[in-house]
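A.B. asks: This is the structure I want to talk about, given as structure tokens.
Each reported figure results from applying straightforward, stated rules to the coordinates on display, with no laboratory input. The model shown is predicted, which means the values in this text are computed figures rather than measured ones. Cβ coordinates were reconstructed from backbone atoms using ideal geometry, including for glycine residues, and neighbour counts include every protein chain displayed.
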Amino acid sequence: MTDFTGKIGLVVGVANKRSIAWAIAQATAVRGARLALTYQGRFEENVQELSAGLATSPLVLPCDVASDDDITSAVARVEQELGGLDFVVHGAAFARKEELSEPFVNTTREGFRLAMDISAYSLIALARAASPLMEKRGGGSIMTLSYLGSERVFPNYNVMGVAKAALEANVRYLAADLGPKNIRVNAISAGPIKTISAMGISGFSSILNVYRERAPLRRNVDATEVGEAAAFLLSDAGRGISGEVLIVDAGFHVTGM
Ligand code: NAD
């Protein structure tokens, strides 16, 4: 049921081999998906290098998710070269370093705008551009990546927590909007994983330690585990699920203390 033979996917948000989006790309490619991977400017070389490791070579395209033109051109290239889309993975997020270290009350208007635009709004823009390609193929599946900081306070997660709350609300509204076209929209809320984005959060390693101590499984999750859960959600095995935030965090979220 998690076979991706004949399926075409667009994966946004690969920066390097530690990126969660890369783990999802691998999990779907190994099950037969043909992929397009997008990169943000400075990561082109990394993404080109990683691409060489996939069984079927992916289409590699630039895309800054803060630009509607970039999103439109990337999706148009996918249509031209791959002929359509069955799934989309949105793994882009950004907040300025100072917003992730200073007291939350000091969040600037521009810092708030930027975090919201790149980490939350971009899902709507991507869904709008990609959904006509999915509709032509009878439906599809869109997923994004969130974090428990959307609901609970974690030190220094700050404006990114607010952006993730908006992102999860986007998932529900998009699911309601696109559901009649047989397009599902979901999120995976991942436990903390050492990636370049995560390392930008001041004191991130102490979050990893707390999860290790308190999560029911007494460990952290790795990107491969998120990749496997994503393959389930994106595939036909997840066909009854939409508007959902699936938490893949070794159970940490159920604990009180
Ligand atoms: P990462 O740094 O590997 O990925 C973040 C990606 O966002 C990068 O590829 C970067 O290029 C991209 N990005 C930022 N601004 C962009 C822009 N303007 N246009 C296009 N792309 C842009 O880190 P990651 O941890 O794999 O993050 C992927 C997603 O997972 C993010 O949404 C993150 O918030 C979420 N997440 C991460 C963790 C964690 O602990 N690592 C936990 C839960 C959720």
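A.B. asks: With unit charges on the beta carbon (Lys/Arg positive, Asp/Glu negative), name the residue among Thr5, Gly200, Ile247 whose Cα is farthest towards the positive pole of the charge dipole of the chain.
C.D. replies: Ile247
A.B. asks: A further question on this structure: Using +1 on the beta carbon of Lys and Arg, -1 on that of Asp and Glu, and nothing else charged, what's the dipole of the chain about the Cα centre, debye to 20?
C.D. replies: Charge dipole, the chain, about its Cα centre: 480 debye, nearest 20.
A.B. asks: What is the distance in Å between the Cα centroid of the stretch 177-240 and that of the stretch 3-61?
C.D. replies: The two parts, judged by their Cα centres, are 17 Å apart.
A.B. asks: Determine which residues of the stretch 48-90 fall in the zone a paramagnetic label at Asp236 would reach in this model, i.e. backbone nitrogen under 15 Å from the point 7 Å along Cα→Cβ.
C.D. replies: 86-87
A.B. asks: Once the other residues with Cβ under 13 Å from the Cβ of Val210 are scored (Lys, Arg +1; Asp, Glu -1), what is the net sum?
C.D. replies: Net of charged neighbours comes to +3.
A.B. asks: Could you line up Lys164, Lys17 from fewest to most neighbouring Cβ atoms inside 10 Å?
C.D. replies: Lys17, Lys164
A.B. asks: Note the angle between two axes, namely the Cα long axis of helix 204-214 and the longest principal axis of the Cα atoms of the chain, as a number of degrees from 0 to 90, rounded to the nearest 10.
C.D. replies: Helix 204-214 sits at roughly 80 degrees to that axis.
A.B. asks: So, counting K/R as plus one and D/E as minus one, what does the shell of residues with Cβ under 14 Å around Leu10 add up to?
C.D. replies: Its environment carries a net charge of +1.
A.B. asks: Then there is this: Summing -39500 (n - 2.57) over the DSSP H runs of n ≥ 4 in the chain and dividing by its residue number, what mean residue ellipticity at 222 nm do you reach, to the nearest 500 deg cm²/dmol?
C.D. replies: Using -39500 (n - 2.57) per qualifying helix, the result is -12500 deg cm²/dmol.
A.B. asks: Just to be sure I follow the rule: in the chain, considering lysines 8 or more places apart or on different chains, how many pairs have Cα atoms under 19 Å apart?
C.D. replies: Counting lysine pairs in the chain gives 7.
A.B. asks: What residues from the stretch 145-169 fall in the zone where the backbone N is under 12 Å from a label point 7 Å along the Cα-to-C-beta line of Ala176?
C.D. replies: The answer is 169, whose backbone nitrogens lie closer than 12 Å to the label point.
A.B. asks: If contacts are Cα pairs under 8 angstrom and at least 6 residues apart, what is the relative contact order of the stretch 1-67 in percent?
C.D. replies: Reported relative contact order: 33 percent.
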